[in-house]
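Quick note: the coordinates plus some simple rules give every number you see, no bench work behind them. As the structure is a prediction and not an experimental result, all values here were calculated from the model. Ideal geometry is used to build each Cβ from the backbone, glycine not excepted, and the neighbour counts take in all protein chains shown.
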Amino acid sequence: MSAIRGKYAPVRRALGLGAAQGGTHHWWTAKLTAIALIPLGLWLVASVIHLAALDRAGVLEWLRQPAHGAGLILFLLFGFHHSAAGLQTIMEDYLPTHAQKLAGILVSTLLHLAGAAFGVYAVIVAALRVV
Amino acid sequence: MAEFVLPKGSRPVRGKEHPAPEGVKNPRRFRIYRHDPDQGGNPRIDTYTIDEKDAGPMVLDALIHIKNTIDPTLTFRRSCREGICGSCAMAIDGTNALACIKETKSCRNGVVAVYPLPHRPVVKDLVPDLTALYAQYAAIQPWLKTQTPAPSRERKQPPEERAKLDGLYECILCFSCSTSCPSYWWNEEKFFGPATLLQACRWILDSRDEAAPERLDQLEDPFRLYRCHTILNCTSVCPKGLNPARAIAEIKKMMVERLA
């Protein structure tokens with residue numbers, strides 16, 4: 001909970017500890033990644049439909065195309081970034097205590113970083129592996 | 001913090017029933033929230049049935065009629081009775097509105113529910129405690145701030161610059177918007193809420209004001225500004241037809257403009 005509570009005068013409570021001098025970057029990157037995910041998401045859906053007809057070697061061949069591998073990595077990076085930003089906002093909104101918010105954001109950030117790292121690693125390894 | 005059920009002591013219970021007077025021709029029922037924290041106990045919902053023709057057309061007319069003829073203890077704020085003072089903002093028929101310009105016949109339900117503005121401490125009956133909202137309004141320093149010395153006469157403003165304040169200056173600070181905003185309910189200690197942010201926008205856009213950078217710095221915060229998730233309750237309830245969500249979006253655009 002805020003350090004500014006209870007016995008303080010109303011304006012003192014409204015001012016709290018002041019503005020964090022941050023927030024725009026978080027909001028703006030959430031918007032930019034959302035916009036980027038629209039074409040990337042459509043491309044991924046179309047690709048998955050296309051890949052469904054291929055065998056394993058065909059899929060790996062598809063993945064070796066620089067545009068395809070790069071597109072998949074971009075989708076993973078933007079997707080995980082967008083998801084982490086959104087979840088952070090939800091936790092800030094709904095978790096009741098400051099400690100829970102910090103713990104939740106920490107766990108979520110670590111999981112998202114791990115997911116992104118694992119996904120990018122998997123794409124690179126799959127693309128470079130000789131069948 | 002998000003709360004989805006009222007605390008036990010705040011849950012309304014069934015209150016007194018005031019039946020219709022004899023020979024009533026156009027009965028209209030009102031379910032009105034009653035609570036006196038000094039008396040303790042849970043809030044109650046009293047029901048009053050009046051003859052529509054005995055009261056004027058607006059919900060405030062009905063409330064005044066009830067207070068004058070049935071129950072003088074019913075407490076509510078009112079002053080101008082023409083939608084300019086903002087005193088009689090309350091939750092009517094499920095939506096925040098000014099009782100003085102809300103027509104009784106426009107209520108969707110046959111029984112008109114009248115509650116105080118949501119998620120505020122109740123002073124008594126339909127009177128909410130707005131102290132925190134006034135304090136947030138004061139915190140944005142809603143007055144002209146300048147660096148250049150005052151001219152000998154007024155600070156001039158071209159008509160096109162003055163036009164930028166249309167849709168902002170008309171706010172009467174009834175706080176119907178802020179108290180209808182779920183984001184404000186959950187984070188009222190840190191989020192400034194639509195009413196205060198609309199006012200902040202009004203001063204940032206004023207061509208005579210010279211404190212825009214400082215004002216934007218004051219709003220550069222994940223909670224003060226960015227708790228607005230464009231739910232748009234603020235815009236749909238504003239009794240003056242203003243668009244606080246748009247004002248907040250304008251502030252966000254200015255934030256991005258100085259970032260990128």
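What the Cβ-Cβ distance of residue B:131 and residue A:117 gives, at R0 = 51 Å and to the nearest 0.05, is a FRET efficiency of 0.55. Along the range B:175-181 the Karplus relation, 6.51 cos²θ - 1.76 cosθ + 1.60 evaluated at θ = phi - 60°, assigns HN-Hα couplings of 6, 4, 5, 4, 7, 9, 8 Hz to successive residues, with x for each Gly and Pro.
Applying the Karplus relation 6.51 cos²θ - 1.76 cosθ + 1.60 with θ = phi - 60° to the range B:50-56 yields 3J(HN,Hα) values of 10, 8, 4, 6, 6, 10, x Hz, where x marks Gly and Pro. Shape of the range B:8-128 from the C-alpha gyration tensor: oblate (a/c of 1.5 or more and a/b not above b/c, with a ≥ b ≥ c the square roots of its eigenvalues).
Here chain B carries DSSP beta bridges of which approximately 70% are antiparallel, counting only pairs with both residues inside. Counted residue by residue at 0.36 nm each, then reduced by the alpha carbon distance between them, the extension gain from residue B:111 to residue B:8 reaches 34.5 nm.
Across the range A:43-50, computed HN-Hα scalar couplings (Karplus, 6.51 cos²θ - 1.76 cosθ + 1.60, θ = phi - 60°) run 4, 5, 4, 4, 5, 4, 4, 5 Hz from first to last residue, x flagging Gly and Pro. Under the combined filter of DSSP loop state and at most 14 neighbouring Cβ atoms within 10 Å, the range B:114-185 retains these chymotrypsin sites (Phe, Trp or Tyr not before Pro): B:143, B:169. According to the Kirkwood relation over distinct C-alpha pairs, the hydrodynamic radius of the range A:23-128 is 15.3 Å. In percent, how large is the relative contact order of the range A:23-128, given Cα pairs closer than 8 Å and 6 or more residues apart? Relative contact order, the range A:23-128: 36 percent. Placing a pseudo-label 7 Å from each Cα along the Cα-to-Cβ vector at residue A:57 and residue B:143 gives an inter-label distance of 8.2 nm. Among the residues of A:12-23, the average count of other protein chain beta-carbon atoms within 10 Å of the residue beta-carbon is 6.
Between residue A:65 and residue B:161, the simple spin-label model (points 7 angstrom out along Cα→Cβ) gives 5.6 nm. Distance between the 7 Å Cα→Cβ label points at residue B:70 and residue B:84: 3.1 nm.
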